[in-house]
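What follows is calculated from the coordinates using simple rules that are stated; it is not laboratory data. Note that the structure is a prediction, hence the values are computed from the model and not measured. Virtual Cβ from ideal backbone geometry, glycine too; neighbours counted across all protein chains shown.
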Amino acid sequence: MIAIIDYGAGNLRSVKNAFDFLGEPCIITGNSSDILSADKVILPGVGAFGDAMKCMRDSGLVETVKTAALSGRPFLGICLGLHLLFEESGESPGVKGLGVFKGQVVKIPDCGGLKIPHMGWNSINVTKNSKILRNINKEPYVYFVHSYYIQACDRSIVSAVTEYGEALDIAVEHENIFALQFHPEKSGETGMQILKNFIVL
């Protein structure tokens, strides 16, 4: 069973619908016992970093999410769920993230007349041998909605980048933890293959 964490930061139903389409049992839950007993865990999210961390604190789920991420069981962060795994974000100065990974979240540079937020389809370049980004096209197109991106201190965990004015880190992979800036549940066949890869981990 896959647990999709409900901490009040949205983007839950579309993720569940994708797994329902793939025939994989999953639940949306904010219950710590359900989360910690699940076979796999997903941390979704949309909105602002600071608001999301407040929702998670108010829900009493900060330690639950960190425990789930470090449990050795497959853990997937999506969009804001990627950002929250890091230490801090320029979007919400002074607010601590989960700190699972060292690094920060920074605003996409305003250059070349590119629109921010970065919204829509863009190709990605997979930069390491990846369990979750396998069996997809060499430079697949996926769907983004974001104004901020990660800067990981440990470059070895970065599994994909995209070009948007400059190269942006948009995915990480380390041991059991996988996290994506883009929305696989909204990324067509490529996204479905990525979710299938997660299912069979």
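What is the stretch 23-117 by shape, rounded, prolate or oblate, if you read a ≥ b ≥ c off the alpha carbon gyration tensor as root eigenvalues and call it rounded for a/c under 1.5, prolate for a/b larger than b/c, and oblate otherwise? Taking the square roots of the gyration eigenvalues as a ≥ b ≥ c, the stretch 23-117 is prolate.
The charge dipole of the stretch 91-153, taken about the Cα centre with unit charges on the Cβ atoms of Lys, Arg (+1) and Asp, Glu (-1), comes to about 280 debye, rounded to the nearest 20.
Once the Cα gyration tensor of the stretch 102-154 is found, what semi-axes does its equivalent ellipsoid get, as square roots of 5 times the eigenvalues, in whole Å, sorted largest first? Spell out each step's value before the answer.
Values: eigenvalues 98, 59, 15 Å².
Sorted largest first and rounded, they come to 22, 17, 9 Å.
For each pair in 16/40; 54/186; 96/186; 66/115; 16/128; 54/115, compute the distance between the two Cα atoms and list the pairs where it is over 24 Å.
Numbers: 16/40 13 Å; 54/186 26 Å; 96/186 29 Å; 66/115 34 Å; 16/128 28 Å; 54/115 28 Å.
Cα-Cα > 24 Å for 54/186; 96/186; 66/115; 16/128; 54/115; rest within.
Quick check: convex hull of the Cα atoms in the stretch 36-91, volume per residue, rounded to a whole Å³?
On the way: hull volume 4.2 nm³, N = 56.
Looking at the stretch 36-91, the number lands at 75 Å³ per residue.
Scanning the chain for GluC sites (Glu not before Pro) lying in DSSP loops with no more than 16 further Cβ atoms inside 10 Å, the longest uninterrupted stretch between such sites is 88-174.
Which value, in Å to one decimal place, does the Kirkwood hydrodynamic radius take for the chain when every pair of different Cα atoms is included?
Details: mean 1/r = 0.0602 Å⁻¹.
After inverting the pairwise mean of 1/r, the radius is 16.6 Å.
Rounding to the nearest 20 debye, state how big the charge dipole of the chain is about its Cα centre with +1 on each Lys and Arg Cβ and -1 on each Asp and Glu Cβ. All intermediate terms of the calculation are to be shown ahead of the outcome.
Working: 18 positive and 21 negative charges, 38 e Å.
Dipole of the chain, to the nearest 20 debye: 180 debye.
When its C-alpha radius of gyration is set against 2.2 N^0.38 Å (N residues), the stretch 137-201 gives a value of 1.11. Placing +1 on the Cβ of every Lys and Arg and -1 on the Cβ of every Asp and Glu, with no other charges, gives the stretch 1-59 a dipole of roughly 120 debye about its Cα centre.
Would you give the gap between the C-alpha center of the stretch 123-177 and the C-alpha center of the stretch 47-120, rounded to a whole Å? Comparing the Cα centres of the stretch 123-177 and the stretch 47-120, I get a distance of 15 Å.
Go ahead and estimate [θ] at 222 nm for the chain from helices alone: -39,500 (n - 2.57) per DSSP H run with n ≥ 4, summed, over the residue count, rounded to 500. The per-residue figure over the chain is -6500 deg cm²/dmol.
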